[in-house]
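Below: the structure, in structure tokens.
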Amino acid sequence: REAITTMHLVPSLLGLFLSLPGALKWRTLRRIPIGGEALPGHLADKFLATFDAPLHNFYGPTEATIATTRYRVRTKQGNRVVPIGRPKDNTTVHLLDDTLRPVPVGVIGEIYIGGANLARGYHRRAGLTAERFVADPFGSGGRLYRSGDLARRNADGDLEFVGRADEQVKVRGHRIQLG
């Protein structure tokens, strides 16, 4: 009735939306950005089978203005977790080991984010800022945000989220530190 064209959802809400009996009536949808949680391939496949609209899987923490990488889902994803893609403009993403060295394609590393959209730190939390915002080891003079997220780069050059380096979990897109 309202001809809504854009709906930004976390994957768990996308799953609920696709299960609604009236979901097929939303034919005006043209942009569906997804983020905040890992996107299961079967859910992306269900969306592509239901709607004729692009589905974009975004990744990025609040510390980097939320959308750091993007992957446009164009083909069936099957049982895998949908990749989080490649860095957006004015953003750098590095997969680094414990010594801040880049890991090869296919090897899991921690996601470090840099670029113009990076926050300066945490308000009145100097210790936490120093822990998470580190000097860029590649000589740019800038800083990188140590995300705590683990990923690997696939043969196509896209990042695949694989989990966390710590005990943090996400519930409906909200970060929770279990400790």
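Name the residues in segment 81-92 that are touching a residue at least 12 places away in the same chain (Cβ under 8 Å), over 20 Å from L9 (Cβ atoms) and not hydroxyl-bearing (S, T, Y), would you? Selection gives R86, P87, N90. Got at least one residue in segment 71-86 being outside any loop (DSSP other than H, G, I, E, B), farther than 14 Å from L159 by Cα, of a type in the set (V, I, T) and open to solvent by 30 Å² or more (accessible area, probe 1.4 Å)? No, every residue in segment 71-86 fails to be outside any loop (DSSP other than H, G, I, E, B), farther than 14 Å from L159 by Cα, of a type in the set (V, I, T) and open to solvent by 30 Å² or more (accessible area, probe 1.4 Å).
Set side by side, the residues L144, L118, L128, L150 differ, and just one is of a type outside the set (F, W, Y), under 17 Å from G60 (Cβ atoms) and not in a strand (DSSP E or B), which is L118. Picking from residues in segment 19-62 that are of a type in the set (S, T, N, Q) and not in a helix (DSSP H, G or I), the one that is modelled with the highest pLDDT is N57. For beta carbons closer than 8 Å, sequence separation of 6+ or different chains, a first residue in segment 1-30 that is within 16 Å of A49 (Cα to Cα) and a second that is of a type in the set (S, T, Y) and modelled with pLDDT of 90 or more, the qualifying pairs are T28/T5; L29/T5; L29/T6; R30/T5; R30/T6. Is it the case that P137 is under 15 Å from the mean Cα position of the chain (by Cα) and touching a residue at least 12 places away in the same chain (Cβ under 8 Å)? So P137 does not fit the description; no. Would you say T65 is loosely packed, with under 15 Cβ neighbours inside 10 Å, under 24 Å from P11 (Cβ atoms) and at pLDDT below 95? The answer is no for T65. Step by step: first the residues of segment 165-179, then only those that are part of a strand (DSSP E or B) and out of contact with any strand residue (DSSP E or B) (no Cβ under 9 Å at 6 or more places or on another chain), then the one that is most open to solvent (accessible area, probe 1.4 Å). Which residue is that? Applying the filter and picking the extreme gives H174.
Counting only residues that are of a type in the set (G, A, S), open to solvent by 60 Å² or more (accessible area, probe 1.4 Å) and over 22 Å from A116 (Cα atoms), segment 128-164 holds 1 of them.
The values are calculated or read from the model by the stated rules, or taken from the named source; none is laboratory data. In this text the structure is predicted, and so the values were computed from the model without any measurement. All Cβ positions, glycine included, derive from the backbone under ideal geometry; neighbour counts span all protein chains shown. Note: accessible area is taken over every heavy atom of the protein model, side chains too, but ligands, DNA and RNA are not part of it. Shrake-Rupley method; radii C 1.70, N 1.55, O 1.52, S 1.80 Å.
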